[in-house]
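*Asks:* My questions all concern the structure below.
The values are calculated or read from the model by the stated rules, or taken from the named source; none is laboratory data. Just so it is clear, the structure is predicted and the values come from calculations on it, not from any experiment. Note: ideal-geometry Cβ built from the backbone for every residue, glycine included; neighbour counts use all protein chains shown.
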Amino acid sequence: MTAATAPATKHRIESIDILRGFVMLIMAIDHVRDVMHLGTPEPTDLTVTTPILFFTRWITHFCAPTFVLLSGVSAFIAGTRRTKSQLSNFLLKRGIWLVAVEVIVINFAMTLNPLHNVIILQVIWAIGASMILLGLLVRIKASLTLIGAIGVIIFFGHNVLDILNPGAIGNTFAWKLLLSATGFNGFIAINHNHFLVIAYALLPWTGIMLIGYVFGSLYNSAVTAITRRKTLLLSGIGLLLVFFVFRAFNIYGDPSPWAVQKTIPLSIISFFNVSKYPPSLLYGSMTIGTALVLLSLIENWKSRFTSIVIVYGNVPFFYYVCHWFLIQFIHIILFFAMGFTTSQIISPNNPFFFSADNFGVNLAGVYGIWILVIFLLYWPCRWFSKYKKTHHQWWLSYL
């Protein structure tokens, strides 16, 4: 192919890819811990946790909100190259695609259960379904102000539901799906042998995406870099102030107030142990506030570290899918290396395969496997990143 006919290299905003790549790498710690930590003690349970175990979980709290926020930012940027109708169609189709991938591909990667006895709606579902709702708003030509107002009302107002008593409505499928999912504690029966787990209630995450869409307007060519960085920084600091002030006095914004514990470390853990299922205002303020500050500070940051991290941030969906299958590949190798047999692949009343009692590694082993996973994925991600930048097939926009 001659230089004249070669496809042009696509331009990306490096600060967004750096932050996205960083949180994607951190995210893998939690998934390795979920799959392979011996005994799987609950990191946020103050009766059993330790500072290092809690930190291992807490640092990954920043991943999903940042990823959803940046998906909103990217949606706005994608809209600068499309008409409103084209953007709406793209968001609707990509949203449906992501929900399908969550249900079919990611669920199998998480459970290794080809029968799909449990379907878990997690972050990819939340992003996909939120894209559908955003696409509908774009389709009806909702203004940026209206989209932002809806996002802000959801973000700051949904914890009012902690005060109100929804009664029988609170037990309905629609209510759990949209507003009040409590993570992995509640299984909804589809039939006697298949269950749905709504880990990510939709609307609180949609609020974050809508806010991200509005922040995406800061990357319009009409906005100066100084204005953008200042707006991001002040917005982030404002959200962090909301978190610290509201949390310190248990004013509003989280259904689980903190309290002084018997030791200083446990008191600190209690303070930062905010609710992710569904994401509370204080959880969102802590995580999104930090993300906005970082977006402001890293805009012109170039180093060896960022040149590595940006590789993962260029291909987040590719990395996300691959990292699950790589983790599970290592999981299966360890399963048999530790002496378990094929008869122990399936455990009674457990939809997760290869989950025998006494399987797993200690926390140091979790970190070791995490480093191995991100190391092994660097080269596939670098290859696919280069491919996406120099090719224009329509399907690449869905990956």
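*Asks:* Can you work out which of the residues in the stretch 313-360 that are in contact with a strand residue (DSSP E or B) (Cβ under 9 Å, 6 or more places away or on another chain) and either of a type in the set (Gly, Ala, Ser) or buried (at least 17 other Cβ atoms within 10 Å of the Cβ) (or both) is farthest from Arg33 (Cα to Cα)?
*Replies:* In this case the residue turns out to be Pro351.
*Asks:* With the condition kept exactly as written, say whether any residue in the stretch 232-249 is at pLDDT 95 or above and not in a helix (DSSP H, G or I).
*Replies:* Looking through the stretch 232-249, at least one residue is at pLDDT 95 or above and not in a helix (DSSP H, G or I).
Residues checked against (1) closer than 19 Å to Glu299 by Cβ; (2) not small (Gly, Ala, Ser):
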{"residue": "Asn191", "(1), (2)": "no, yes"}
{"residue": "Leu233", "(1), (2)": "yes, yes"}
{"residue": "Gly236", "(1), (2)": "yes, no"}
{"residue": "Phe243", "(1), (2)": "no, yes"}
{"residue": "Pro278", "(1), (2)": "no, yes"}
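*Asks:* State whether the residues of the stretch 292-300 include one that is surrounded by 14 or more Cβ atoms within 10 Å (Cβ to Cβ), of a type outside the set (D, E, K, R) and closer than 30 Å to Asn89 by Cβ.
*Replies:* So far as the stretch 292-300 goes, yes, one or more of its residues are surrounded by 14 or more Cβ atoms within 10 Å (Cβ to Cβ), of a type outside the set (D, E, K, R) and closer than 30 Å to Asn89 by Cβ.
*Asks:* Name every residue in the stretch 248-267 that is of a type in the set (A, V, I, L, M, F, W, C) and touching a residue at least 60 places away in the same chain (Cβ under 8 Å), in order of residue number.
*Replies:* Across the stretch 248-267, the qualifying residue is only Leu266.
*Asks:* Test Ile369 against the criterion of being surrounded by fewer than 20 Cβ atoms within 10 Å (Cβ to Cβ) and out of contact with any His (no Cβ under 8 Å at 6 or more places or on another chain), and give yes or no. So that I can check it myself, show each step before the final result.
*Replies:* Values: surrounded by fewer than 20 Cβ atoms within 10 Å (Cβ to Cβ): no; out of contact with any His (no Cβ under 8 Å at 6 or more places or on another chain): yes.
When the stated conditions are applied, Ile369 does not pass them.
*Asks:* Of the residues Pro65, Pro166, which is out of contact with any Leu (no Cβ under 8 Å at 6 or more places or on another chain), more than 30 Å from Asn349 (Cα to Cα) and buried (at least 22 other Cβ atoms within 10 Å of the Cβ)?
*Replies:* Only one candidate passes the filter, namely Pro65.
*Asks:* Looking only at the stretch 68-77, count how many residues are surrounded by fewer than 24 Cβ atoms within 10 Å (Cβ to Cβ) and either among the hydroxyl-bearing types (Ser, Thr, Tyr) or without any contact (Cβ under 8 Å) to a residue 60 or more places away in the chain (or both).
*Replies:* 1
*Asks:* Further question on the same structure: Considering only residues of the stretch 45-57 that are surrounded by fewer than 20 Cβ atoms within 10 Å (Cβ to Cβ) and in contact (Cβ under 8 Å) with a residue 24 or more places away in the chain, which is nearest to Ile264 (Cα to Cα)?
*Replies:* Pro51
*Asks:* Name the pairs whose Cβ atoms lie under 6 Å apart, with the first residue in the stretch 370-399 and among the charged types (D, E, K, R), the second modelled with pLDDT under 95, and 6 or more positions between them or separate chains?
*Replies:* Listed pairs, sorted by first residue: Lys388/Leu396; Lys389/Thr9; Lys389/Lys10.
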